[in-house]
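Engineer: I am attaching a structure below and will ask some questions about it afterwards.
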Amino acid sequence: MDKIPSFNKNHDIINPGFYLSTTDRDLTTFDLRFIKPNCGKYISNAAMHSIEHILATILRNSSYKDSIVYFGPMGCRTGFYLITRDLDFDTVKNLVIKCIKDALEITTVPGAERKECGNYKEHNLSAAKMHLKKYLRYLV
């Protein structure tokens, strides 16, 4: 089997930041790397879950909502993937910065009620905000 593009990257040299991961026709995948891979410190499941709910909601309510295809966590718990359609790097990076700033102002995790979420008990808003605030420093 062929390796997927992300497995061909040397994760020992990846640092926190915002990266273009892959482009396939009109879809672009961005790597929002919050944590240095293989460093022994990872985002907790509860914080990742909350960040996913928060940023997915804010991105899909932004002025670029029709170009947002997917936002979700990396299994290694070091960051997130954002898939967009027909948006350039700078536009997406600026959108992510704006959405993180908006996320830092929220007081509840969207979609975190039992009827809305398959694991509604595993959220941590304060840890999510801590990671978002730290990540924002890599972007600005």
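Values quoted throughout were computed directly from the atomic coordinates according to the rules given, and no laboratory measurement underlies them. Fair warning: this is a prediction, and the values are worked out from it, not measured in the lab. When we count neighbours, we look across all protein chains shown, and the Cβ atoms used for this are built from the backbone with ideal geometry, even at glycine.
Engineer: Please give the direction-averaged projected area of the C-alpha convex hull for the stretch 18-139, in square nanometres with one decimal.
Structural biologist: Numbers: hull surface 29.7 nm².
If I average the Cα hull's projected area over directions, I get 7.4 nm².
Engineer: I've got another one for you. Enter the Cα centre distance for the pair the stretch 63-140 and the stretch 1-47, rounded to the nearest angstrom.
Structural biologist: Using only Cα atoms to place each centre, the spacing works out to 15 Å.
Engineer: Using a simple charge model, +1 on the beta-carbon of Lys and Arg, -1 on the beta-carbon of Asp and Glu, nothing else, what dipole does the chain show about its Cα centre, in debye to the nearest 20?
Structural biologist: The dipole magnitude comes to about 500 debye.
Engineer: How high is the FRET efficiency between ASN94 and ILE4 when r is their beta carbon distance and R₀ equals 25 Å, given to the nearest 0.05?
Structural biologist: The formula returns an efficiency of 0.35 here.
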